[in-house]
Amino acid sequence: MGEAPVTRAPQVKTTELAAETPAIVEITDLSLFYGATKALKNISVTISEKIVTAFIGPSGCGKSTLLRCLNRMNDLIDNVRIEGKCHIAGQDIYGHDIDTIELRKRVGMVFQRSNPFPKSIHENIAYALRLHGTNSKSEMDEIVERSLRQAALWDEVKDRLHTSGLGLSGGQQQRLCIARAIAIQPEILLMDEPASALDPIATAKIEELILELKKDYTIVIVTHNMQQAARVSDYTAFFYMGQLVEFDRTLKIFTNPSQRQTEDYVTGRFG
Amino acid sequence: MQRHFDTDLANLKQQLLTMGSHAEIAVSNSIKALLDRDEPLARKVIQDDNILDTFEVDLDDRGISLIALNAPIASDLRLVTVAMKISRDLERVGDEATTIARRVIELNAEPQLKPYVDIPRMATLALGMLKDSLDAFVEKDSAKARAVVPRDKEVDNINRQLHRELVSFMIERPTSITRALHLMTISKALERIADHAANIAEEVVFLYESRDIRHQKTTNDPT
Amino acid sequence: MSKVNKPFNSKSVDRWSVFFTGLSGACTYLIIAILFLIVGNIVWNGAPHFSLRFLTTGVDAGMFNVSQSGVFPMVVGTAARVFLMTIFVIPVGVITALYMTEYSKRNSVIIRLIRGAVNNLAGVPSIVFGLFGLGFFINFLGQNMDALMNPASAQAVWGKPSLLWASMTLAVMTLPVVIVATEESLKSIPPGLREASLALGATKLQTVVKIVLPQALPGILTGAILAISRAAGEVAPILFTGAAFSVQGLATGLTDQFMDLAYHVFILSTQSPNIEQTRPLLYATVMALLLLTFVVNIAAVIVRSRIRRRMRSFR
């Protein structure tokens with residue numbers, strides 16, 4: 001009867017909940033109209049820095065629309081009118097002195113369908129860099145490599161940087177789009193159903209990538225795959241019919257939501 | 001592909017092993033307190049039990065969040081559920097150690113009834129089972145885990161034997177009844193610890209072989 | 001009749017099917033036959049008189065003289081007016097199409113108006129364009145320019161038929177073709193590309209110039225090819241605006257009148273004092289016209305397929 005073995009395990013910390021971080025996006029009483037239709041109804045939500053926030057909800061609930069408010073992509077659609085405030089890093093992005101070019105540089109976006117330019121892999125990223133004044137070749141090459149590494153794509157494409165981005169597989173194309181978006185080092189990365197057109201393996205890769213990227217970027221992801229929201233996000237907002245039903249820690253939403261509608265949706269009873 | 005989820009699972013496993021070490025220490029300390037008539041050590045065991053309680057609650061939380069957020073399947077799912085069950089067993093082991101420690105404090109107030117032979121033996125056996133089942137968990141060695149299960153019988157036998165011995169003590173000398181009952185409780189607690197160890201071993205077999213070997217008469221049957 | 005499964009090998013002949021297969025095939029072959037008849041006839045009759053001398057001499061020695069007359073000034077004149085027209089029509093057409101697809105609100109009143117105008121423009125007979133060129137470019141624009149720039153002189157510099165006005169008239173005529181072709185190709189570009197560029201912080205202009213236009217290039221070239229094919233053989237629009245019966249030497253400036261192949265064919269077939277004698281010359285001239293159109297077309301098609309191939313290698 002000697003000493004009991006105690007060497008097997010080091011002490012691990014017992015809680016791993018997302019740390020509280022400062023707010024970066026503050027949406028206050030925001031409504032959006034398509035003509036006379038009110039598509040977003042008085043949304044108020046605060047998104048914190050360097051964590052992943054997921055927008056979930058059934059199709060047509062307004063989650064993508066809200067996402068596109070954050071980089072003013074809705075400006076491109078005719079007859080859209082927005083009421084309320086949306087502050088990013090303290091600035092009202094719908095203020096009259098806002099330069100959407102600068103805004104979109106700081107708030108990058110990845111789309112549902114991968115949309116690399118019909119240019120080479122290198123050029124896809126270089127295009128974004130040139131827009132914002134990077135012209136030196138060595139600097140360009142460096143950023144291209146760094147972005148592709150961050151997007152976990154470098155090893156797969158380093159030998160064919162000058163071949164077409166469209167020659168890549170769907171998942172690779174989407175990672176190229178992510179690399180392109182992060183090349184200009186935005187503060188926020190918006191992802192509009194980034195994996196909905198991909199097979200499970202490619203989806204898993206994108207999800208792993210998101211978990212890596214959140215170390216450096218604030219990520220807002222729209223997804224209709226609830227499990228995806230559960231896997232990658234720290235906070236989840238549930239939308240229904242243009243309204244924000246519930247916004248809370250993802251674990252809370254998926255284990256003990258406060259609203260009946262949320263529970264019904266995450267358990268698959270409707271939607 | 002390395003998944004972030006793998007890190008979560010590794011952390012869960014690690015935490016379970018830490019908990020296992022705490023449980024082992026609790027048991028061995030409680031017996032040590034008995035043998036050395038060390039009251040402060042016994043009190044420490046009682047005090048430290050809340051560590052195991054915290055671990056259990058925390059492991060449950062982790063398990064639930066891993067299930068809720070990652071929807072684990074196949075071996076991942078077994079790992080999470082098994083970890084939750086093992087944590088419950090370990091917490092019970094801690095409770096039994098507390099029971100032992102309480103009795104030790106009582107016993108230490110009086111002269112020793114008899115030289116302790118069977119109880120340390122039981123403790124060594126039970127702790128051996130606990131250690132081997134946890135090792136089997138770490139080493140992914142289901143054969144080792146299977147081998148643990150029948151060892152429970154030996155502890156049971158000693159328990160019964162000690163029981164008879166203590167009964168005869170009580171018949172002979174009524175002044176020994178209190179102490180004999182304390183020792184009986186300690187013996188019973190050790191027997192329970194061995195049961196929990198066997199349970200853990202069964203869970204480990206389920207984890208690595210996906211085969212449920214509980215409540216079977218012939219636990220060695222590999223079919 | 002009881003339900004009996006027919007064996008698989010009891011295939012019966014569907015007479016209507018056979019008939020229509022034959023009919024549609026016959027129609028297709030008829031087209032080819034007509035084309036061969038026309039081209040064959042011209043080549044058969046024109047080739048004997050088609051020579052290097054024919055291509056490199058003018059009409060100074062006698063316009064209707066088979067052994068001495070040539071088509072050199074006409075080839076140059078036609079090439080020049082087609083070339084100038086392309087330069088005028090492509091930018092205007094492309095920019096119009098860009099406005100319609102990229103800048104304006106979709107299906108606004110203005111756009112519907114423009115689209116209607118484009119379609120109507122395409123339906124206007126070419127002689128009307130000729131008269132328009134005479135009335136607008138020469139009599140209005142040209143004469144006013146003369147009055148402004150050189151009020152003292154009675155000599156018309158701009159206010160007379162010239163290469164410039166003929167090319168511009170042709171440009172107006174072929175504008176709808178270029179607009180429609182460019183618009184179609186702009187519409188076929190995935191909207192995702194524009195969104196991607198804008199979301200990266202590109203301006204609208206950067207997006208259009210660097211992403212949209214390169215993608216639309218093959219479509220624009222298709223428009224150019226169609227415009228060139230149509231313009232090369234047209235006589236009516238240049239009849240009053242620049243083509244001349246006979247000019248000494250070559251057209252060297254924008255304000256010069258010029259001799260034109262298509263117009264020359266018209267002259268040879270209507271003005272000749274001796275039809276029988278002129279006929280071989282006529283065949284050779286028509287052959288030159290066909291060849292010129294053909295060469296320009298082939299060149300454009302080659303350029304376009306090159307661009308497409310380069311784009312496909314990036315696909």
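Here are the numbers for this structure:
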| item | result |
| --- | --- |
| Members of the stretch B:102-127 found to be within 13 Å of another protein chain (Cβ to nearest Cβ) and more than 14 Å from B:ARG192 (Cα to Cα), listed by number | B:TYR116, B:VAL117, B:ASP118, B:PRO120, B:ARG121 |
| Any hit, the stretch B:5-26, residues being open to solvent by 40 Å² or more (accessible area, probe 1.4 Å), part of a helix (DSSP H, G or I), over 24 Å from A:LYS215 (Cβ atoms) and at the interface with chain A (Cβ under 7 Å from one of its Cβ atoms) | yes |
| Checking A:VAL222 against (1) open to solvent by less than 40 Å² (accessible area, probe 1.4 Å); (2) within 14 Å of chain B (Cβ to nearest Cβ); (3) farther than 19 Å from A:THR21 by Cα; (4) under 15 Å from the mean Cα position of the chain (by Cα), the condition it does not meet | (2) |
| Any chance B:PRO150 is part of a helix (DSSP H, G or I) and open to solvent by 20 Å² or more (accessible area, probe 1.4 Å) | yes |
| Where A:THR255 falls short, out of the listed (1) within 14 Å of chain B (Cβ to nearest Cβ); (2) open to solvent by 30 Å² or more (accessible area, probe 1.4 Å); (3) in contact (Cβ under 8 Å) with a residue 12 or more places away in the chain | (3) |
| Extreme residue, nearest to B:PRO174 (Cα to Cα), among residues of the stretch B:92-126 that are without any contact (Cβ under 8 Å) to a residue 40 or more places away in the chain and not small (Gly, Ala, Ser) | B:PRO111 |
| Residue under evaluation B:ARG37, criteria (1) part of a helix (DSSP H, G or I); (2) under 20 Å from B:LEU190 (Cα atoms); (3) more than 13 Å from every other protein chain (Cβ to nearest Cβ), criterion not met | (1) |
| All positions within the stretch C:32-90 that are open to solvent by less than 20 Å² (accessible area, probe 1.4 Å), touching a Ser or Thr at 6+ places or on another chain (Cβ under 7 Å) and closer than 30 Å to C:THR182 by Cα | C:ARG81, C:MET85, C:VAL89 |
| Any hit, the stretch C:250-257, residues being under 22 Å from C:THR174 (Cα atoms) and touching a strand residue (DSSP E or B) at 6+ places or on another chain (Cβ under 9 Å) | yes |
| Matching residues, the stretch C:200-255, being of a type outside the set (A, V, I, L, M) and under 12 Å from the mean Cα position of the chain (by Cα) | C:THR222, C:GLY223, C:SER229, C:ARG230, C:GLY233, C:GLU234 |
| Identity of the residue in the stretch A:52-94, touching a Lys or Arg at 6+ places or on another chain (Cβ under 6 Å) and among the acidic types (Asp, Glu), that ends up farthest from A:LYS105 (Cα to Cα) | A:ASP78 |
| The stretch C:94-120, residues that are more than 20 Å from A:ASP75 (Cα to Cα), open to solvent by 70 Å² or more (accessible area, probe 1.4 Å) and among the charged types (D, E, K, R) | C:ARG112 |
| Where a residue in the stretch C:111-136 is over 14 Å from C:ILE179 (Cα atoms) and its partner, wherever it lies, is open to solvent by less than 30 Å² (accessible area, probe 1.4 Å) and of a type in the set (Gly, Ala, Ser), with Cβ under 6 Å and at least six apart | C:SER126/C:ALA236; C:ILE127/C:ALA236; C:GLY130/C:ALA236 |
| Among the candidates B:ALA143, B:ALA180, B:ALA189, B:ALA123, residue that is farther than 23 Å from B:PHE206 by Cβ and either over 14 Å from the mean Cα position of the chain (by Cα) or open to solvent by 10 Å² or more (accessible area, probe 1.4 Å) (or both) | B:ALA180 |
| Meets criteria (open to solvent by less than 10 Å² (accessible area, probe 1.4 Å), closer than 16 Å to C:VAL92 by Cα and touching a Phe, Trp or Tyr at 6+ places or on another chain (Cβ under 9 Å)) for C:LEU186 | no |
| Selected residue (only one of A:ASN115, A:ASN79 is within 14 Å of chain C (Cβ to nearest Cβ) and more than 21 Å from A:PRO194 (Cβ to Cβ)) | A:ASN79 |
| Candidates A:GLY90, A:GLY62, filtered to the one that is more than 9 Å from every other protein chain (Cβ to nearest Cβ), more than 30 Å from A:GLU142 (Cβ to Cβ) and either open to solvent by less than 50 Å² (accessible area, probe 1.4 Å) or modelled with pLDDT of 90 or more (or both) | A:GLY62 |
| Residue match in the stretch B:206-214 (condition: on the phi < 0 side of the Ramachandran plot, part of a helix (DSSP H, G or I), among the hydroxyl-bearing types (Ser, Thr, Tyr) and more than 14 Å from chain A (Cβ to nearest Cβ)) | yes |
| For C:TRP165: the one exception among (1) open to solvent by less than 40 Å² (accessible area, probe 1.4 Å); (2) closer than 30 Å to A:ALA128 by Cβ; (3) in contact (Cβ under 8 Å) with a residue 60 or more places away in the chain; (4) not aliphatic (A, V, I, L, M) | (2) |
| Checking B:LYS32 against (1) away from every other protein chain (no Cβ under 12 Å); (2) under 15 Å from B:ALA126 (Cα atoms); (3) of a type in the set (D, E, K, R), the condition it does not meet | (1) |
| Residue in the stretch B:57-72 that is away from chain A (no Cβ under 13 Å) and either at negative phi or of a type in the set (Val, Ile, Thr) (or both) present | no |
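The values are calculated or read from the model by the stated rules, or taken from the named source; none is laboratory data. All of these numbers come straight from a predicted model, not from anything done at the bench. Cβ atoms come from the backbone with ideal geometry, glycine included; neighbour counts cover every protein chain shown. Ligands, DNA and RNA are excluded from the accessible area calculation, which covers all protein heavy atoms including side chains. Shrake-Rupley method; radii C 1.70, N 1.55, O 1.52, S 1.80 Å.
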